[in-house]
Amino acid sequence: MKKLVIVLAVIAMVISMSSCKKNGSTTPTGAAKAYYECLKGGDFKAAVKSTYKYNKEMTAEEQKKADESIDALADKLSMAMSFTGGIKDFTISDEAIDGEMATVKVKITYGNGESDEKTEQLKKIGENWFIFDGETVENPNDLFSGDEEATDEEEEEEGEELADEE
């Protein structure tokens, strides 16, 4: 009986992880589902690889830099998930397509019992859809260089807002 349970658990894990390996999907809902399955299963590298930024057209040099940075991006996702206890469950609804862009609503239940609702943007490349965060970046290398620091002007605006609240 124990062997059967172990075999079934391994089969279930292989099936769930195989959905992470596929980059993009022919539907926005399918792409969002694959992305969140990767996050839920702890396959953060596959989650990064299933985004628009990783799959858009890049030169060989840009792709090499993206590949070199994937561990750091996966580590950031892992750290973010550790604060919430990971993803326990999620549901995707309300797919809306407008040309090469789409949105889906995602309701997430975390391992710590908290929940969140968000609207994910997706962008199409060829026949496949990918998670898209809405940033327009002129230089793809900027995507993999780490967190950008706030400009002096942004910091000044934040300081003024805080002063106004007091």
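The values are calculated or read from the model by the stated rules, or taken from the named source; none is laboratory data. All figures in this text were calculated on a predicted structure; none of them were measured in a lab. Quick reminder, even Gly has a Cβ in these numbers, built from the backbone with ideal geometry, and neighbours come from all protein chains shown. Keep in mind that these areas ignore ligands, DNA and RNA; they rest on the heavy atoms of the full protein, side chains included. Shrake-Rupley method; radii C 1.70, N 1.55, O 1.52, S 1.80 Å.
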Counting only residues that are in contact with a helix residue (DSSP H, G or I) (Cβ under 6 Å, 6 or more places away or on another chain), more than 26 Å from Ile92 (Cα to Cα) and either part of a strand (DSSP E or B) or polar (S, T, N, Q) (or both), how many does the stretch 30-72 have?
1
What is the number of the single condition among (1) within 16 Å of the chain's Cα centre (by Cα); (2) modelled with pLDDT under 85; (3) over 19 Å from Phe130 (Cα atoms) that Ala72 does not meet?
(2)
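Taking Lys49, is it touching a Lys or Arg at 6+ places or on another chain (Cβ under 8 Å) and among the basic types (Lys, Arg)?
Values: touching a Lys or Arg at 6+ places or on another chain (Cβ under 8 Å): no; among the basic types (Lys, Arg): yes.
Spelling it out, it is not the case that Lys49 is touching a Lys or Arg at 6+ places or on another chain (Cβ under 8 Å) and among the basic types (Lys, Arg).
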Sole residue being open to solvent by 60 Å² or more (accessible area, probe 1.4 Å) and at positive phi, chosen from Asp94, Asp89, Asp98
Asp94
Quick check on this structure: which one of Asp116, Asp133 is at pLDDT below 90, of a type in the set (Asp, Glu), surrounded by 10 or more Cβ atoms within 10 Å (Cβ to Cβ) and within 25 Å of Lys33 (Cα to Cα)?
Asp133
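Please tell me if Lys49 is modelled with pLDDT of 85 or more and either within 24 Å of Trp129 (Cβ to Cβ) or not charged (D, E, K, R) (or both).
Values: modelled with pLDDT of 85 or more: yes; either within 24 Å of Trp129 (Cβ to Cβ) or not charged (D, E, K, R) (or both): yes.
The answer is yes for Lys49.
Residue by residue through the stretch 44-77, note down the ones that are among the polar types (S, T, N, Q) and surrounded by 16 or more Cβ atoms within 10 Å (Cβ to Cβ).
Step one: filter the stretch 44-77 for residues among the polar types (S, T, N, Q), giving 50-51, 55, 59, 63, 69.
Correct list: Ser50, Thr51, Asn55, Ser69.
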(1) modelled with pLDDT under 50; (2) farther than 25 Å from Cys38 by Cβ all hold for Phe144 apart from (2)
